[in-house]
């Protein structure tokens, strides 16, 4: 994190102080010696420099001496100078002979900003920077400075604001920074904020205040992003969307989880899919539905909530079953998984490791492949458990199975410390391999696993597009819609 304020200026030499040394009283002997001595060349006296930028700022900007134009904005008037204002592209264009400056005869410029976006203090800072070549940026004034710098087309100041925002991204301001970066076209800030959100989404989404503030567009991007880290898989994301819709429809923020669950259940019981599904297709399209139809617990929730139309659920279940059969009949299908298919369809899981050694699995049917992870002394191993340890499900003991995976580690501060990238390993029964090694780390850390052990069925957005085409609603836009992303589909 950076400081909440930063000062940007052009470097100048320091002023030198001149001190008079005390004169020593000469004796007679000293006087005679001085008279007989040859005259020495005296060194030139050093003269203290004038602080020109400070003088210009005070006399011309603050006091308005010699002003030839008045700037009116946010209920305030600044008496300024065209020569200095022309540093802005806005004023340079305005002061041209053929411009449509309405108040040219009066030498007055009226600036208009969206209500509440710019304060007098912020605009004072921006205009003053044209006279002193420096500006003190405060996080609390960043929106006003961005708005003023954008209107006046001060690219260098926009860049300075972007630098400061990138240094000060945090839980309490990440969504505000995202909105500002999109509004004022700050690509570096958008990139930094998006990275922060994808890495920390599993943690931030626990706070209902965060969900109440995030926009539908931002949430949809996070749900569908292949880089978003989660904890309990698609069920977590499914519940997050439900909570967001509930809050978006005016639901009350309840800290007690039991009361919150009851309020959610009552809300979705009262509203049909026209209120809970159709307006939020961009959200529901990002859920990897094929991972929710392989568990009786999650299937029961889907049936009770009645959010997804029956046609979509039916087609998802049928295609998932067909994929299971095809992968069993031809295990080599899993070898041909592309990057796009992996990014769209991988199972997403996570675990906080606060002590070591730690061994764990994520429960759920996974085509008979029981994956165990073990973390000890900075080494993470992956094991295909078959016979050596108990398992809640029946296991596949075929000689070898392919596991496509990617593992991401984050520290307690929400910073990513390691990313294996996408890997492919072939695991025989009860084989354990090292998949990651951390040289430096401090507990607690979080470990996030993306993996596939078979060619998956279609992503949810394709079923939804088919359904809305039938209903004549429109089409869901999805970032990775092109290309073959399934092993089969229902007709």
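The values are calculated or read from the model by the stated rules, or taken from the named source; none is laboratory data. Owing to the predicted nature of the structure, the values given are computational and were not obtained by experimental measurement. Using ideal geometry, Cβ is built from the backbone for each residue, glycine included, and neighbour counts are taken over all protein chains shown.
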### Flag if residue 377 is surrounded by 20 or more Cβ atoms within 10 Å (Cβ to Cβ) and either touching a strand residue (DSSP E or B) at 6+ places or on another chain (Cβ under 9 Å) or at pLDDT 95 or above (or both)
no
### Query
In segment 332-357, which residues are closer than 16 Å to residue 227 by Cβ and assigned to a loop (DSSP other than H, G, I, E, B)?
346
### Query
With respect to the numbered conditions (1) assigned to a loop (DSSP other than H, G, I, E, B); (2) free of Cβ contacts under 8 Å to residues at least 24 places away in the same chain; (3) within 21 Å of residue 184 (Cβ to Cβ), which one is the sole condition not fulfilled by residue 125?
(1)
### Summary
Of the listed residues (152, 158), the one being modelled with pLDDT under 95, surrounded by 15 or more Cβ atoms within 10 Å (Cβ to Cβ) and farther than 20 Å from residue 343 by Cβ is 152
### Task
State which residue is nearest to residue 132 (Cα to Cα) when the search covers only segment 70-102 and only residues that are surrounded by 14 or more Cβ atoms within 10 Å (Cβ to Cβ) and touching a strand residue (DSSP E or B) at 6+ places or on another chain (Cβ under 6 Å).
80
### Message
So, in segment 246-274, exactly how many residues are loosely packed, with under 15 Cβ neighbours inside 10 Å and either part of a helix (DSSP H, G or I) or touching a residue at least 60 places away in the same chain (Cβ under 8 Å) (or both)?
### Response
10
### Query
Which of the residues spanning segment 362-384 are over 16 Å from residue 396 (Cα atoms) and touching a residue at least 24 places away in the same chain (Cβ under 8 Å)?
362, 373, 374, 375, 378, 379, 380, 381, 382
### Query
What do you reckon, is residue 160 over 24 Å from residue 64 (Cβ atoms) and not assigned by TED's automatic domain parsing to the domain that holds residue 87?
no
### Task
With the condition kept exactly as written, say whether any residue in segment 352-365 is surrounded by 15 or more Cβ atoms within 10 Å (Cβ to Cβ), modelled with pLDDT of 95 or more, within 25 Å of residue 221 (Cα to Cα) and in the same structural domain as residue 443 (by TED's automatic domain parsing).
yes
#### Entry: Boolean, residue 166 is over 30 Å from residue 230 (Cα atoms), at pLDDT 95 or above and assigned to a helix (DSSP H, G or I)
no
